[in-house]
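The values are calculated or read from the model by the stated rules, or taken from the named source; none is laboratory data. Just so it is clear, the structure is predicted and the values come from calculations on it, not from any experiment. Cβ placement follows ideal geometry from the backbone for every residue including glycine, while neighbour counts extend to all protein chains displayed. All accessible areas refer to the heavy atoms of the entire protein, side chains included, with ligands and DNA or RNA removed. Shrake-Rupley method; radii C 1.70, N 1.55, O 1.52, S 1.80 Å.
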Amino acid sequence: MHRTGVVAGTGNGSTFGHVVDGEERGSLDGSTFSTVDPWTRSPWAEVALGGSAEADLAVAAARRAFDDGPWPRMGHGARGALLHRFADLVEEHSAELALADSRDMGKPVAAAAAMDVPRTALNIRFFADHARLSTAEAYPMDSGHHAYSRFEPAGVVAAIAPWNFPMMLESWKFAPALAWGNTVVLKPAEDTPASATILARLALEAGIPAGVLNVVHGYGPGSAGEALTTDPRVDRITFTGESGTGRAIAAAAARNLTPVSLEMGGKGANLVFDDADLDNAVAWSIKAIFSNAGQVCLAGSRLYVQRGALEEFTARFVAAAEEMVIGDPTDPATEIGPLASEEHWTKVRGFLEQPGGKVLTGGTGDGWVVRPTVLVDVAPDARIQCEEVFGPVVTITPFDTEDEGVRLANDTPFGLNAMVFTENLSRAHRVSAALRAGTVWTNCFFVRDLRAPFGGVGDSGWGREGGTFSREFFTEPKAVVMAIGDRT
Ligand code: NAD
């Protein structure tokens, strides 16, 4: 089936290569894999399939560009100018990039154009400016010495990305890495390879030197992904994906003592108190679980509603869920497309086959679609209540007191984010402090300040990125101590 609204480079039969040392190329043995459009359920593009040999070439290119090339030696101003040009090109290619991610994983094109593309450009611009405007500390010493800090680029960064917000999360990694003078090997998820190659093409067009942003395609274990995590020439590994994969990557990286930043899965709690503004709570709670068909690490998949608001909230929430427009991702009206792949759809369907509670609305739809699904009376130890479903599936559980709500919300090994809906200011601060999570949103969701720490507690993360937190990870902070008085 041909797609409507296809723009250059996103039609059936498109090809996407690795980008190594400034050249787009196939694999050494010519291997490729197909990427499948989850709406048509047919392959739409052919992608170079890399393994350890291609990862080796990409790391070698990044190493040369770091050790001998101009990128780490440029000032922040010159690097920032090239990064801003790169962001300009991302914006100019918005239609192509949005369609590439949509064709790869079923995301509505309108959502990708409204959020993923602008956030990709913003990530690049923000970190370019952040690095340029960043200050270092000085430490005047009584001993007649003067110490100050510098932030040296760390070296070669391996960036391993998931498929749910492909270009946006890839740029969250490579933008700060590049802004601080590192070189990068990006391994996009195998389900969503297209936008990474397009981004690397645009980086070259912007004038970013060859070898600075390399892309290698392939799978994880026993493939290009794993090869990057065991290569001693890699100085940093930044990963976003499942918690189990994060554990494997941390173990692999430990052999070379390579520092790792892990952004992993979630099981976000969403607490709605009796005194909440219900219009606002319903609207944000719907977005929190059904945006991107629930394939969001930050999804509010566990709703806890205080008893007094339970009936009204549930009725309004179910009605809003049933109004959501499901369909062809290229239709501008579509709010929910298919799940990203047959494999993922099978996994989510498995949860729904043994829901462990009562389904108020939802279930599977045509093709790889899962309709917005709401469950109640779910046992606390049911899989659907405890594990990350990563689909448009939410459980609603009542609670009575604030302490009970906080206890239920914290009863998980995950800790990426939580939401609180209340009009009581003291409670908002109290509960935000008590929740065990990397981010707590009060009366809103998904709003980000890129200077703020981003990451998770427990199984959700290791380390933080964002603003100065990204600087700490992507640089080697150095102390310089100078004798300025008596040198004895
Ligand atoms: P995944 O862990 O299956 O794969 C992520 C990436 O890791 C892919 O590029 C994959 O090829 C690679 N990989 C897999 N095994 C590897 C190995 N042994 N060595 C090296 N690389 C390996 O995750 P996914 O299914 O692509 O993404 C969904 C998951 O990502 C969910 O758990 C979601 O919550 C999480 N996620 C977290 C955040 C966050 O910011 N915390 C954001 C988005 C998604």
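For this structure, a couple of remarks:
- Those helices (runs of 4 or more DSSP H) of the range 326-425 in which 2 or more residues are within 27 Å of Arg247 (Cβ to Cβ) and without any contact (Cβ under 8 Å) to a residue 24 or more places away in the chain occupy 342-353.
- Of Val305, Val393, Val325, all but one fail to be of a type in the set (Val, Ile, Thr) and under 23 Å from Val406 (Cβ atoms); the exception is Val305.
- The range 15-39: number of residues that are among the polar types (S, T, N, Q) and more than 25 Å from the chain's Cα centre (by Cα): 3
- Residues of the range 186-201 that are open to solvent by less than 10 Å² (accessible area, probe 1.4 Å) and either more than 12 Å from the ligand (Cβ to nearest atom) or not assigned by TED's automatic domain parsing to the domain that holds His76 (or both): Ala194, Ser195, Thr197, Ile198, Leu199, Ala200.
- When the residues of the range 94-108 are filtered to those that are surrounded by fewer than 24 Cβ atoms within 10 Å (Cβ to Cβ) and in contact (Cβ under 8 Å) with a residue 40 or more places away in the chain, the one that is farthest from Asp191 (Cα to Cα) is Ala95.
- Filtered by the rule that a residue be within 11 Å of the ligand (Cβ to nearest atom), open to solvent by 10 Å² or more (accessible area, probe 1.4 Å) and either touching a Gly at 6+ places or on another chain (Cβ under 6 Å) or at negative phi (or both), the range 208-222 gives Tyr219, Gly220, Pro221.
- Residue check: Thr488 meets all listed conditions (1) in a helix (DSSP H, G or I); (2) open to solvent by 50 Å² or more (accessible area, probe 1.4 Å); (3) not charged (D, E, K, R); (4) not assigned by TED's automatic domain parsing to the domain that holds Pro72 but one, namely (1).
- When the range 9-66 is limited to residues that are touching a helix residue (DSSP H, G or I) at 6+ places or on another chain (Cβ under 6 Å) and open to solvent by 60 Å² or more (accessible area, probe 1.4 Å), the one that is nearest to Leu204 (Cα to Cα) turns out to be Asp21.
- Residues being within 18 Å of Thr197 (Cα to Cα) and either assigned to a helix (DSSP H, G or I) or among the β-branched types (Val, Ile, Thr) (or both) - total across the range 23-45: 3
- Residue satisfying all of: in the range 439-485; open to solvent by 80 Å² or more (accessible area, probe 1.4 Å) and β-branched (Val, Ile, Thr); nearest to Trp284 (Cα to Cα) among these: Val447
- Selection of the range 159-185 for residues being within 12 Å of the ligand (Cβ to nearest atom), among the aromatic types (Phe, Trp, Tyr) and not in a helix (DSSP H, G or I) yields Trp163, Phe165.
- Among the residues of the range 46-58, those identified as under 15 Å from Pro188 (Cα atoms) and either assigned to a strand (DSSP E or B) or hydrophobic (A, V, I, L, M, F, W, C) (or both) are Glu46, Val47, Ala48, Leu49, Ala55, Ala58.
- Meets criteria (of a type in the set (A, V, I, L, M, F, W, C), outside any helix (DSSP H, G or I) and either more than 7 Å from the ligand (Cβ to nearest atom) or more than 29 Å from Ala112 (Cβ to Cβ) (or both)) for Leu204: no
- Note on the range 234-290: among residues that are among the hydrophobic types (A, V, I, L, M, F, W, C) and open to solvent by 30 Å² or more (accessible area, probe 1.4 Å), the one that is farthest from the ligand (Cβ to nearest atom) is Ala283.
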